[in-house]
Amino acid sequence: MTNHKMQFSDLFKDAGTGQLSHTKLWANIAYFAATIAFCWMSYQGTATGEIWFIYLGVLGIHGAASKLIGLKYGAKL
């Protein structure tokens, strides 16, 4: 078992090639922006139950869909 320490750049690089992945880059920027907006709404007390459901649903569905697509079409490492 290898002891791989995650680096910040791993959030934006393709695991197979080590090159910049625009999909990962923009997905993480969108996650960051949505998280800031969600935290701000929660801090202000304006985040409703629907906002919670949508925010967590989008994050969960994107993660699950990404995994499924990766399993079906991903390169064998």
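We did not get these values from a lab; they are worked out from the coordinates using the rules stated. Keep in mind that what you see is a predicted model, and the values were worked out from it rather than measured.
Across the chain the C-alpha pair distances fall into 10 Å bins from zero in the proportions 15, 38, 30, 14, 3 percent.
Distance from the alpha carbon centroid of region 42-59 to that of region 4-41 works out to 21 angstrom.
Between amide H atoms placed 1.01 Å from N, distances below 5 Å from Ala47 occur with Ser42, all of them 5 or more places distant or on a separate chain.
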